[in-house]
1. Which of the residues that make up the range 216-245 are open to solvent by 30 Å² or more (accessible area, probe 1.4 Å) and either over 14 Å from the mean Cα position of the chain (by Cα) or without any contact (Cβ under 8 Å) to a residue 12 or more places away in the chain (or both)?
2. Please verify whether the range 172-183 includes one or more residues that are open to solvent by less than 10 Å² (accessible area, probe 1.4 Å) and at positive phi.
3. Among the listed residues Ala356, Ala378, Ala393, Ala331, which satisfies the condition of being free of Cβ contacts under 8 Å to residues at least 24 places away in the same chain, on the phi < 0 side of the Ramachandran plot and surrounded by fewer than 24 Cβ atoms within 10 Å (Cβ to Cβ)?
4. Identify the single condition in (1) assigned to a strand (DSSP E or B); (2) open to solvent by less than 40 Å² (accessible area, probe 1.4 Å); (3) of a type outside the set (Gly, Ala, Ser) that Lys341 does not satisfy, given that it satisfies every other one.
5. Filter the range 115-129 down to the residues that are open to solvent by less than 10 Å² (accessible area, probe 1.4 Å) and either aliphatic (A, V, I, L, M) or more than 18 Å from Glu16 (Cα to Cα) (or both) and list them by number.
6. Here are some residues: Ile162, Ile200. Which one is open to solvent by 10 Å² or more (accessible area, probe 1.4 Å) and of a type in the set (A, V, I, L, M)?
7. Just to confirm my filter: which strands (runs of 3 or more DSSP E) fall fully inside the range 110-193 and include at least 2 residues that are within 18 Å of Ala322 (Cβ to Cβ) and touching a residue at least 24 places away in the same chain (Cβ under 8 Å)?
Amino acid sequence: MTNQLSNRINSLPISETLAMAAKARELKAQGKDIISLSLGEPDFNTPDFIKEAAIQAIHDNYSSYSPVDGYLDLKQAICRKFKRDNNLVYQPNQVIVSTGAKQSIANVAMVLLNPGDEVLLPAPYWVSYSAISILAEATYKEIPSTIETDFKITPQQLEAAITPKTKLIFFNSPNNPSGTVYSEAEYRALAKVLEKYPNIYILSDEIYEHINYGEPVFSFAAIENMYDRTITVNGVAKAFAMTGWRIGYIGAPEWIAKACNKMQGQITSGANSIAQRATIAALDAPVSKIQYMVDEFKKRRDMVLELLGAIDGFKLNIPQGAFYVFPDISAFFGKEIKGHKIETADNFSMFLLEEANIATVTGEAFGAPNCIRISYAASEAQLREAIKRIEEALS
């Protein structure tokens, strides 16, 4: 039978991060000792005070459908969090709670983009940005950066990329996959360019905001004349080790929030009721309650940089946030190692999986074809063993 699937799904790439994680699980099931450094998932348990709030919610019988846009008291907690951490004033009618930040982003793309609209993606970017743009029938354009610029784009690059069709730009700081953090001054310089183009909207993905090791994270919407054009996306997955709880949210101009509510009402309706109650406890807690995780991630980052830095061919910078290193491995291109021809980051990633039993993700998935992403959201012992294997495979 011929392929009867829609053009929409046929044109959609699979998520490279999920594909690599699935491949690693498959090899593990075959009895191979795979160390997976491919998924962006903290290896901590959800803090007890959050779990207790969820248990209480079960006892309190929060078992009915929740409002499509989230419980009012959760939306009020999100507003308090925005004010406390980001100096942003949102009202509950500007907040939509979704089943993870990925759904939040998809909602925004679906309600803002028309066929033929253009989305700008400063590269490297999270894999789903391009896929979601395709799903919304828009086209996307990468704005490239390199390890030498700490994977940041310049205002000149932004200006050069804008066309009359540009409708939306994605910013993500701290960045997945590179760990890059834009400073307030750098964001303000980019905003100066966008001031000239009032019909371009900004999606600011701040899911990693609390996992930062340098200067505090600055929210794009805090730039005075950008507030009315910026959708701030966040969630509890990364900082609170709540990936499986599936809660994300946006703060946005009210008309965009209303449209997202309408969209979500026809797709999933309200997010999980118990997870919403637990999220109130997470967001109302002082950020210091999760500092132990951030401190551990920083320790691991420093260790991974030191160990990888001793391997010839790995070009590294110092990521200031998230829990990834994103080395440039183009020094290996054109070489043959243990019978593997290395021409691309894809080849290199597959070589590490087959020869070292280490799962990473190719940078090609993130719009950075010279790099691979290594997650250090794994134990110190696993990370040491993984890098030892990489070194041995390359020697």
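The values are calculated or read from the model by the stated rules, or taken from the named source; none is laboratory data. Because the structure is predicted, anything quoted here is derived from the model rather than measured. When we count neighbours, we look across all protein chains shown, and the Cβ atoms used for this are built from the backbone with ideal geometry, even at glycine. All accessible areas refer to the heavy atoms of the entire protein, side chains included, with ligands and DNA or RNA removed. Shrake-Rupley method; radii C 1.70, N 1.55, O 1.52, S 1.80 Å.
1. Pro216, Phe218, Glu224, Asn225, Tyr227, Asp228, Gly244, Trp245
2. yes
3. Values: Ala356 fails: free of Cβ contacts under 8 Å to residues at least 24 places away in the same chain; Ala378 fails: free of Cβ contacts under 8 Å to residues at least 24 places away in the same chain; Ala393 fails: free of Cβ contacts under 8 Å to residues at least 24 places away in the same chain.
After ruling out the rest, the residue left standing is Ala331.
4. (2)
5. Across the range 115-129, the qualifying residues are Val119, Leu120, Leu121, Ala123.
6. Values: Ile200 fails: open to solvent by 10 Å² or more (accessible area, probe 1.4 Å).
The unique qualifying residue is Ile162.
7. On the way: elements: 118-122, 139-143, 166-172.
Ranges flagged: 118-122, 166-172.
Table: residues versus (1) without any contact (Cβ under 8 Å) to a residue 12 or more places away in the chain; (2) basic (Lys, Arg); (3) in a helix (DSSP H, G or I); (4) open to solvent by 50 Å² or more (accessible area, probe 1.4 Å).
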position	(1), (2), (3), (4)
Gln4	yes, no, no, yes
Lys23	no, yes, yes, yes
Asn45	no, no, no, yes
Ile55	yes, no, yes, yes
